[in-house]
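In what follows, a single structure is set out as structure tokens and then discussed.
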Amino acid sequence: MSTENQSTKEKKIEIYSTKVCPYCVKAKKLLQSKNVAFVEIDVSDDDDLRMSMVERANGKRTVPQIFIHDYHVGGCDDLYALDRDGKLDELLKPFLV
């Protein structure tokens, strides 16, 4: 019987962003208003990180790209659509601070 290492399976919210991105700011503000912690990954000047984001986001190159644990939300509009449809709070429950 194997036990999974908690640190490698840590659930988190990640948002890939750039320094000058109004949609990134808008997405981060929504997450902050929900009182959840998130990890911001700035891909402005790092081609390797950006390629990692593109691979993870199934080819999407725009920012922000948002992940709630292993679930790929998509971009800012997708995040707001989840909120509008009443589905975001359920996804964020495990992350409330």
Seminar exercise, completed: The set of residues whose placed amide H lies less than 5 Å from the amide H of residue 42, leaving out same-chain residues fewer than 5 positions away, is 17
For this session: Starting with the fewest neighbours, write out 67, 95 ranked by other beta-carbon atoms found within 10 Å of each beta-carbon.
Result: 95, 67
Seminar exercise, completed: Counting only DSSP loop positions in the chain, the GluC sites (Glu not before Pro) whose Cβ has at most 14 other Cβ atoms within 10 Å are 4, 10
Problem set entry | Violating pairs (Cα-Cα greater than 19 angstrom) within the set 29/93; 29/60; 11/34; 60/93; 34/87 | 29/60; 60/93
For this session: Would you calculate, for the chain, the mean residue ellipticity at 222 nm contributed by helices, counting each DSSP H stretch of 4 or more residues as -39,500 (n - 2.57) and dividing by all residues, to the nearest 500?
Result: -10500 deg cm²/dmol
Seminar exercise, completed: The answer for residue 73, listing residues at least 5 apart or on another chain whose modeled amide H is closer than 5 Å to its amide H, is 66, 67, 68
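Where a number appears in this text, it was derived from the coordinates with a stated rule and is not lab data. Bear in mind that the values here come from a model prediction, so they are computed numbers and not experimental data. Cβ: placed from backbone, ideal geometry, glycine included. Neighbour counts: every protein chain shown.
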